[in-house]
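*Asks:* One structure is given below, represented as structure tokens, and several questions about it will come after.
The values are calculated or read from the model by the stated rules, or taken from the named source; none is laboratory data. For clarity, every value in this text was computed on a predicted model and none was experimentally measured. Positions of Cβ are generated from backbone atoms using ideal geometry, with glycine treated the same way; all protein chains shown enter the neighbour counts. The area values use the complete protein model at the heavy-atom level, side chains included, leaving out ligands, DNA and RNA. Shrake-Rupley method; radii C 1.70, N 1.55, O 1.52, S 1.80 Å.
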Amino acid sequence: MTEQLRLMAVHAHPDDESSKGAATMAKYVSEGVDVLVATCTGGERGSILNPKLQGDPYIEEHIHEVRKKEMDEAREILGVKQEWLGFVDSGLPEGDPLPPLPDGCFALQDVDEAAGQLVKLIREFKPQVITTYDENGGYPHPDHIMTHKITMVAFEAAGDPEKYPEAGEPWQPQKLYYNQGFNKPRTIALHEALLERGMDSPYGEWLERWKQFERRERTLTTYVPCADYFEIRDKALIAHATQIDPDGGWFRVPMDIQREVWPTEEYELAKSRVDTSLPEDDLFAGIRNN
């Protein structure tokens with residue numbers, strides 16, 4: 001295939017692109033693939049999760065602008081393009097019963113109408129491959145679930161000339177993947193590797209919670225080798241300073257152990273219009289040689 005390869009990653013908030021599939025994107029950028037992150041919301045209702053920045057009145061008052069600047073920095077580190085779809089963060093409701101979602105937020109939009117924004121971007125960028133979240137959102141944040149919903153609609157509609165005619169010339173992506181980087185096999189492998197070396201593991205509580213919630217194991221179809229880009233991934237994540245503590249659990253596994261024990265990022269192939277054989281090691285498998 002001589003045509004330019006293009007990958008679109010659809011995410012709910014700024015920082016999601018750096019915690020889910022970032023090393024994969026950096027790898028493809030290094031190979032000359034055109035990569036675009038579509039960010040559905042501005043993260044306006046996100047909490048300040050880095051304890052070092054909590055209580056800063058400027059950040060609390062200007063969280064939208066702060067998170068936009070963080071996204072700018074992460075985008076430069078990863079070498080990707082990025083577009084905002086312009087929806088408003090829904091926040092993560094807490095309590096029993098859960099409070100209603102805020103008026104006008106992303107998760108309360110009409111799915112078909114909201115998908116039109118993404119259809120327009122797909123037709124402009126023309127990706128062969130799209131990544132997003134599964135039907136559970138990866139975890140049940142209302143914006144992640146809504147991201148899944150609009151991406152599924154947009155993937156099918158983008159190539160249909162009768163759908164969203166105002167959104168530009170039809171373009172049909174060939175493959176759709178779900179990010180599955182937070183999977184049980186990876187977690188167990190890293191957990192056991194740390195214990196074997198006499199080190200503390202940050203994953204003990206994760207594995208216990210997995211037992212409690214009895215989550216259905218996802219089918220991992222695609223393992224992208226990208227260990228050489230784990231440091232870029234971490235730098236991009238740290239750029240989202242309000243969302244991540246550089247001294248926190250995300251970074252407790254030494255880089256050499258990560259590269260040795262689990263040198264890939266994982267995906268679940270959800271839709272494909274090309275022939276491919278599983279398991280894959282390339283999101284463009286079946287496309288490069290067509």
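*Asks:* Percent antiparallel among DSSP beta bridges with both residues in the chain, to the nearest 5?
*Replies:* 30 percent
*Asks:* Could you sort out which of 184/271; 20/120; 20/149; 120/163; 68/235 sit more than 20 Å apart by Cα distance in this structure?
*Replies:* In this structure, 184/271; 20/120 exceed 20 Å between Cα atoms.
*Asks:* Tally up the carbon and sulfur contribution to the accessible surface of the stretch 184-290 as a whole percent, 1.4 Å probe, everything protein left in place.
*Replies:* C and S atoms contribute 47 percent here.
*Asks:* So, in nm, how far is label residue 282 from label residue 212 when the simple model puts each one 7 Å beyond its Cα toward the Cβ?
*Replies:* 4.3 nm
*Asks:* Find out how many positive minus negative residues lie around residue 60, taking Lys and Arg as positive, Asp and Glu as negative, among other residues whose Cβ is under 13 Å from that of residue 60.
*Replies:* -2
*Asks:* Related question: If 287, 77 are ordered by their accessible area, calculated over protein heavy atoms with a 1.4 Å probe, which sequence runs from highest to lowest?
*Replies:* Descending accessible area places them as 77, 287.
*Asks:* For residue 134 and residue 56, what does the FRET efficiency come to when R0 = 35 Å and r is the distance between their Cβ atoms, rounded to the nearest 0.05?
*Replies:* 0.50
*Asks:* Which of the peptides 218-227, 254-263, 166-175, 36-45 is most tightly packed, and how do the rest follow, judged by the mean count of other Cβ atoms within 10 Å per residue?
*Replies:* Ranking the peptides 218-227, 254-263, 166-175, 36-45 by packing returns 36-45, 218-227, 166-175, 254-263.
*Asks:* Go ahead and set up a Gaussian network model of the chain, Cα springs under 10 Å, then flag whichever of 269, 176, 92 fluctuates most.
*Replies:* Largest GNM mean-square fluctuation: 92.
*Asks:* Summing -39500 (n - 2.57) over the DSSP H runs of n ≥ 4 in the chain and dividing by its residue number, what mean residue ellipticity at 222 nm do you reach, to the nearest 500 deg cm²/dmol?
*Replies:* -11000 deg cm²/dmol
*Asks:* Could you give the accessible area per residue of the stretch 140-290, probe 1.4 Å, as a whole number in Å²?
*Replies:* I get 52 Å² per residue for the stretch 140-290.
*Asks:* Can you figure out the FRET efficiency of residue 3 with residue 83, using R₀ = 35 Å and their beta-carbon distance, to the nearest 0.05?
*Replies:* The value I calculate is 0.95.
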